[in-house]
Amino acid sequence: MCAVMALGVAGCGGGSEASTEGGSEGAKVEAINLKMAVTPSETSVWMVAANEFKKNIEEKTEGRYTVTIYGNEQLAAGDQTKGVEMLFNGTTDVDLHSSMIISNVVPELSLISMPWLFPNGYDSVDEYLFNDGATGAEFVKKAVEAKGAHVIGIGENGFRQLTNNKRPITSAADMAMLKVRVPAISLLVDVFKALGADPTQMPFGEVFTALQQGAIDGQENPYDTIRSAKIQEVQKYMTIWNYCYDPIIMSVSGNIWNKLSDEDKAIFEAAGKDACAAQVAASRDMDASIIEEFKGIGVEVNELSPEAIEEMKGIVAPIYDQYKEKFGAEAFAAFGYTFE
């Protein structure tokens, strides 16, 4: 009887992360499931990164880690800032948020959203965020990691465009008193006030109804965000002005990252990098087709002229000096901007 009891005890060990079946040769490690928070819905191009990361992690760790993706800001009940906070306090394990929203917790990331910071479009973006040794990418990683999370990839939400129901925007004068929804960061409030508009902050989930009912005139977002939220269905005009670039950042909470072996850290880094690269490619491939889709349903699309952009850049120039005092010239230099 003692021998039988001893065998029974031997067969029950392992704890929550491991169990044994059929002796030591059948040892089986239970999968650790990671909760991944993503802001937009399943139809967004962001999901390219989320799904690719899930596939890579589950394959490369041979099932030791699994990933459950929660789109539409489910884990934070639609509150994007709360969603970011949940990454840093370890409530969520993996996170995909815009740098703009993360700046509510990591303030220096707001400078990426400075108006017309990337003068040569995607060429400038690639130079400072996606090429080997990109100084902007290093800036992002250090800033996020100083708060306790770990960046494993940078993706792309894209350049933010303006839609509205009042008029085509062809110059700064057309911005006068335009009631535009902007994200909850003070920088964009400053930008739109400088341009003469009436910036209004509200959760993105409320924007469609507010536009439909006329509570606001317009909003600004990248092409795919507009499309996935069906904003084009309740807007008459879209202005392509590339005034603000919006990267998305894939991060792992400190609670998870600090427990990983060096081998698993390398797997997570590679999985994040590959997933975000696939997402960036998919996002850029979609831009032209989305514009045509909008035109096809009757949205009037115009591209702001170089002269009008220069006019607006002059108007918002004092904001650069304001934020230089806040973050320092060296932070701007990481993205190629120098003060005279």
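The values are calculated or read from the model by the stated rules, or taken from the named source; none is laboratory data. The shown structure was predicted, so the numbers you read here are calculated from the model rather than taken from an experiment. Cβ: placed from backbone, ideal geometry, glycine included. Neighbour counts: every protein chain shown.
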Residues in the range 81-103 that are surrounded by fewer than 22 Cβ atoms within 10 Å (Cβ to Cβ) and within 16 Å of the chain's Cα centre (by Cα): how many?
-> 5
In the range 312-332, is there at least one residue being surrounded by 20 or more Cβ atoms within 10 Å (Cβ to Cβ) and in contact with a strand residue (DSSP E or B) (Cβ under 7 Å, 6 or more places away or on another chain)?
-> no
Of all residues making up the range 195-207, the number that are buried (at least 19 other Cβ atoms within 10 Å of the Cβ) and closer than 18 Å to residue 79 by Cα | 2
Of all residues making up the range 190-230, the number that are in contact with a strand residue (DSSP E or B) (Cβ under 6 Å, 6 or more places away or on another chain), of a type in the set (A, V, I, L, M, F, W, C) and either part of a helix (DSSP H, G or I) or closer than 16 Å to residue 80 by Cβ (or both) = 3
Go through 229, 282, 308, 275 for me and flag whichever is modelled with pLDDT under 95 and not hydroxyl-bearing (Ser, Thr, Tyr).
-> 229
Which numbered condition trips up residue 187, out of (1) outside any helix (DSSP H, G or I); (2) on the phi < 0 side of the Ramachandran plot?
-> (1)
Residues that are touching a residue at least 24 places away in the same chain (Cβ under 8 Å), surrounded by fewer than 22 Cβ atoms within 10 Å (Cβ to Cβ) and among the polar types (S, T, N, Q), drawn from the range 112-137 = 124, 135
Considering residues of the range 224-255 that are aliphatic (A, V, I, L, M) and surrounded by fewer than 19 Cβ atoms within 10 Å (Cβ to Cβ) only, the residue farthest from residue 110 (Cα to Cα) | 234
Is it true that residue 76 is within 28 Å of residue 207 (Cβ to Cβ), surrounded by 15 or more Cβ atoms within 10 Å (Cβ to Cβ), modelled with pLDDT of 95 or more and in contact with an Asp or Glu (Cβ under 9 Å, 6 or more places away or on another chain)?
-> no
Output the qualifying pairs, or none if there are none: Cβ atoms under 9 angstrom, residues six or more apart or on different chains, first residue in the range 64-89 and over 21 Å from residue 148 (Cβ atoms), second residue crowded, with 20+ Cβ neighbours inside 10 Å and among the basic types (Lys, Arg).
-> 66/54; 68/54; 69/54
Got a sec? Which of 209, 200, 239 is among the polar types (S, T, N, Q), at pLDDT 95 or above and in contact with a Lys or Arg (Cβ under 6 Å, 6 or more places away or on another chain)?
-> 200
Conditions: (1) surrounded by fewer than 22 Cβ atoms within 10 Å (Cβ to Cβ); (2) within 24 Å of residue 284 (Cα to Cα); (3) touching a residue at least 12 places away in the same chain (Cβ under 8 Å). Residue 109 meets all but one. Number of the miss?
-> (1)
Tell me which residues, restricted to the range 259-311, are loosely packed, with under 13 Cβ neighbours inside 10 Å, within 24 Å of the chain's Cα centre (by Cα) and acidic (Asp, Glu).
-> 285
Search the range 325-340 for residues that are touching a residue at least 60 places away in the same chain (Cβ under 8 Å) and under 17 Å from residue 113 (Cβ atoms) and pair each with any residue that is of a type in the set (Lys, Arg) and surrounded by 14 or more Cβ atoms within 10 Å (Cβ to Cβ) when their beta-carbon atoms are under 7 Å apart and the residues are at least 6 apart or on different chains.
-> 332/324
Any idea which residue in the range 173-194 is surrounded by the most Cβ atoms within 10 Å (Cβ to Cβ), counting only those that are without any contact (Cβ under 8 Å) to a residue 60 or more places away in the chain, closer than 20 Å to residue 313 by Cβ and charged (D, E, K, R)?
-> 174
